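Structure, as C-alpha cells:
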Amino acid sequence: MPAFLRLIGVIVLLQVLAWVMLATYLASLHRERLEHRWDRLHPAEAGDTPARRAFVRRAMRGYMRALRPRLAVAVIVLPLVAILAIIIIVNHD
C-alpha cells in the first residue's frame with residue numbers, strides 16, 4: 001500500500017507540473033495573438049503602449065474564464081483516472 005500511495009503522489013506531482021507548463025504555454029500563445037491583433041488593428045499605436053497593455057489585460061481576464069484553460073485540468077484528471085482504473089481491473093479477483 002505505501003508503494004501505491006508513493007506512485008500516486010509522484011504521478012500527481014508530475015501531472016501538476018505538466019498542467020502548469022501547459023497552462024502557461026496556452027496563455028502565452030493567447031497573449032501573443034492579442035498583441036498581434038492590437039498591432040494589426042491599431043498600426044499607429046503599435047508597440048508597448050498603455051492602451052495595448054490594458055487591452056491585453058482585459059482580454060486575458062476573459063480568457064481565464066474560457067473553456068480552454070479549464071480543459072487543461074484534464075491533464076491531471078484523465079491520466080489519474082485511467083491509471084486507477086487499470087490498477088483496479090488488473091487486481092480484481
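The values are calculated or read from the model by the stated rules, or taken from the named source; none is laboratory data. If you're wondering where the values come from, they're calculated on a predicted model, not measured in any experiment. We place every Cβ from the backbone using ideal geometry, glycine too, and count neighbours over all the protein chains shown. What goes into the accessible areas is simple: the full protein's heavy atoms, side chains included, and nothing from ligands, DNA or RNA. Shrake-Rupley method; radii C 1.70, N 1.55, O 1.52, S 1.80 Å.
Here the gap between Y25 and M1, fully extended at 0.36 nm per residue and compared with their Cα-Cα distance, gives a gain of 5.0 nm.
Rounded to the nearest 500, the helix-only mean residue ellipticity at 222 nm of the chain stands at -29000 deg cm²/dmol, with each DSSP H run of n ≥ 4 adding -39,500 (n - 2.57).
On the principal axes of its alpha-carbon atoms, segment 1-74 has extents of 64, 19, 16 Å, going from largest to smallest. Between V12 and R65, what's the calculated FRET efficiency when r is the beta-carbon distance and R0 is 22 Å? Round to 0.05. Efficiency computed from Cβ-Cβ geometry: 0.30. Largest GNM mean-square fluctuation across A72, A51, A18, computed for the chain with C-alpha springs under 10 Å, falls on A51. Take the Cα of I83, go 7 Å toward its beta carbon, and the backbone nitrogen atoms of segment 1-41 under 18 Å from that spot belong to 1-22.
Full extension of the chain segment joining V73 with D93 gains 3.9 nm, where the gain is 0.36 nm per residue of separation less the Cα-Cα distance. For the chain, with all protein chains in place and a probe radius of 1.4 Å, 71% of the accessible heavy-atom surface sits on carbon or sulfur.
Each Lys and Arg contributes +1 and each Asp and Glu -1, all at the Cβ; summed about the Cα centre of segment 22-78, the dipole is approximately 280 debye.
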